[in-house]
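Peer 1: The structure that follows is given in the form of C-alpha cells.
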Amino acid sequence: MLPPLKTIKNGLHRTTEALAAELAKPGTPTPDWNALEWRLASVSAVVHGVSPLLSQRCTWQAPDWQPFLAAQCEHVEQRHRRVATLLQQIDLAARSAGVAIVPLKGSALHAMGLYVPGERPMADIDLLVREADAAEASRLLQDLCYVESFNAWKHRVFKPHGAEPRAVLGEHRDTPINVELHIRIQERLPVSPVDISGRVHPSQPHAGLNAYPSTAALMSHLLLHAAGNICNRSFRLLHMHDIALLSTRMTPDDWHNCLDERLSGPAWWALPPLTLVARYYQGVVPEAVLERLHATCPSILRIISRHQTLTQVSCSDLWLHAFSGIEWSRSLTEVTLYLRNRIRPPQGAVNERNDMARTQLWLRDQPWVTAPQKRRVLTWLTQPVPRMDTMYAVRAALEPSAA
C-alpha cells in the first residue's frame, strides 16, 4: 500500500527543493529524513534527471542513498557509450546521404565538454534537419534499424526495431535509445507557437553532424525548451543545471545575440526560466539580462514567475492542473483558444495523447489518459488528480514489483 497522496506530495516538494539547493551549492548537511522521504528523494532525483550529477557532488550519508546514485552514474556512463556510437553511425550515414543534421541539447552540451560521460542522462537523441531533408533523414534512420513510433506536433519519434522500454526506476544501460527528428525548433506557449528555427539551423551546413551556429543559439534553444516545459509543468532540475552551466560560457556579446529581437522577435519567454535559474544558481545570470527581459515579458507571467519554485513548475508537483500554463497567454484571444482546446481538444491533440498512451510505459493501462475530455475536466475541477508520470516513479520506488 502506498502512503497517502498528501504525504507523497509533501515529501516530493521537500526532497526536490533540497536536491536543487544541494546541486546548485554542494555541501549542505545531510537532511534528517525518514525512510519514506529518502525513497522519495530517489524519485525526485530520477524524475529531474540529476541522479548521476548528485553522485559526483552530493555527500549526504543515508542507507542506500550513495549506492543508488553511484549505480545511476554507472548506468548513464554505459548508456552514453551507446549514444556516442549511434551518433557516429548517424554521422557516417548522413555524410553518405548528403544530409546535414544538428544534434540538439544534451548531445551538443556533451560535445562542448560541459559534461563528461556518466554525468548527464539523455532520454533520447534529438536531431534537427531541414524540411527538405526530412524524408532522407527518415530513410537514414530506417537503414539503422529504426522504425517510426509516432508523429507528434513538434517531432517524429523513432525507436529501435523490436525494442521495449525497461520498467525500472531511473536510468538503465539497456534502455532503448529513441531518436526525435525535428524540422523546426518551436514551442506552444501555451497555444501560439514560438519558432526559433532560424537561430539554430547552421548558415553553411555540411553533410553529417553539425554544431549549433553559436553558443547563443544553443542557449536560445535551451531557454525555449525550458519555457515550454515550465508552461506544461514538466520542467526538470537538469534543464536548470544545463542553463546554469552554459551561462558560465556566455559573454556579453553571446547574451546580446541570444536576445536579439531581429532574429525571431522578442525573447519574452526567456524570463521565467532565467528567473528560476537565478533564484537557485545565484550569480550565474547577469542582472542586465533579466532587466532587459522584464520589459518584454507580459506582466502577469512576469509577476507569477517571480514567485515560482522548481517544484511548482515540475512533475514534483503531484497534482495535475486543469488550466496549467494559461498564464503564458498574451491576449484574450489566446486565453479563449486555450480554454476551448482544454474543453474540446483538437483531433491532433487527441491522436497525440492516444499515441502517448500506446507507446509510453508509464501511461499503459491508465484509463485516465484516454477518458472523454468532459470527464477529465470535471475531475480536474472537483478533486485532486495525481500525475501519471510521477506516480509511476513513486510506485517503482515504493513498490518495486509494480514497475
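Peer 1: Helices (runs of 4 or more DSSP H) wholly in the stretch 340-403 with at least 3 residues that are at pLDDT below 80 and hydrophobic (A, V, I, L, M, F, W, C) - which ones?
Peer 2: Numbers: elements: 347-359, 373-382, 388-398.
Because the criterion is at least 3 residues that are at pLDDT below 80 and hydrophobic (A, V, I, L, M, F, W, C), the helices (runs of 4 or more DSSP H) in the stretch 340-403 that meet it are 347-359, 373-382.
Peer 1: OK, next. Taking the stretch 193-214, which residues are surrounded by fewer than 19 Cβ atoms within 10 Å (Cβ to Cβ) and either among the hydroxyl-bearing types (Ser, Thr, Tyr) or on the phi > 0 side of the Ramachandran plot (or both)?
Peer 2: Matches in the stretch 193-214: SER197, SER203, GLY208, SER214.
Peer 1: While we're here: Sort through LEU209, LEU218, LEU144 and tell me the only one that's without any contact (Cβ under 8 Å) to a residue 60 or more places away in the chain and not polar (S, T, N, Q). Lay out the reasoning, then the answer.
Peer 2: Working: LEU209 fails: without any contact (Cβ under 8 Å) to a residue 60 or more places away in the chain; LEU218 fails: without any contact (Cβ under 8 Å) to a residue 60 or more places away in the chain.
It is LEU144.
Peer 1: OK, next. Could you please let me know if LEU23 is of a type in the set (A, V, I, L, M, F, W, C), part of a helix (DSSP H, G or I) and touching an Asp or Glu at 6+ places or on another chain (Cβ under 7 Å)?
Peer 2: On the way: of a type in the set (A, V, I, L, M, F, W, C): yes; part of a helix (DSSP H, G or I): yes; touching an Asp or Glu at 6+ places or on another chain (Cβ under 7 Å): no.
In short, no.
Peer 1: Taking into account only those residues within the stretch 164-187 that are of a type in the set (D, E, K, R) and touching a Pro at 6+ places or on another chain (Cβ under 9 Å), which is farthest from LEU54 (Cα to Cα)?
Peer 2: So the residue we want is ARG184.
Peer 1: Of the conditions (1) closer than 29 Å to SER203 by Cα; (2) surrounded by fewer than 18 Cβ atoms within 10 Å (Cβ to Cβ); (3) of a type in the set (A, V, I, L, M, F, W, C), ILE303 fails just one. Which one is it?
Peer 2: Every listed condition holds for ILE303 apart from (1).
Peer 1: Right, next: Report every pair of residues separated by at least 6 positions or lying on different chains whose Cβ atoms are under 6 Å apart, first residue within the stretch 166-195 and under 27 Å from VAL102 (Cβ atoms), second among the aromatic types (Phe, Trp, Tyr) and part of a strand (DSSP E or B).
Peer 2: That search, which allows pairs on different chains as well, returns VAL179/PHE158.
Peer 1: Select from the stretch 147-161 the residues that are farther than 30 Å from LEU69 by Cα and without any contact (Cβ under 8 Å) to a residue 60 or more places away in the chain and write down the one among them that is surrounded by the most Cβ atoms within 10 Å (Cβ to Cβ).
Peer 2: Here is the first cut: in the stretch 147-161, the ones farther than 30 Å from LEU69 by Cα are 147-156, 161.
Pick out the ones that are also without any contact (Cβ under 8 Å) to a residue 60 or more places away in the chain and you get 147-148, 154-156, 161.
Working: VAL147: 12, GLU148: 14, LYS154: 18, HIS155: 21, ARG156: 18, HIS161: 11.
Ranking the candidates gives HIS155 first.
The values are calculated or read from the model by the stated rules, or taken from the named source; none is laboratory data. It should be emphasised that the depicted structure is a prediction, and the values quoted were computed from it without experimental measurement. Quick reminder, even Gly has a Cβ in these numbers, built from the backbone with ideal geometry, and neighbours come from all protein chains shown.
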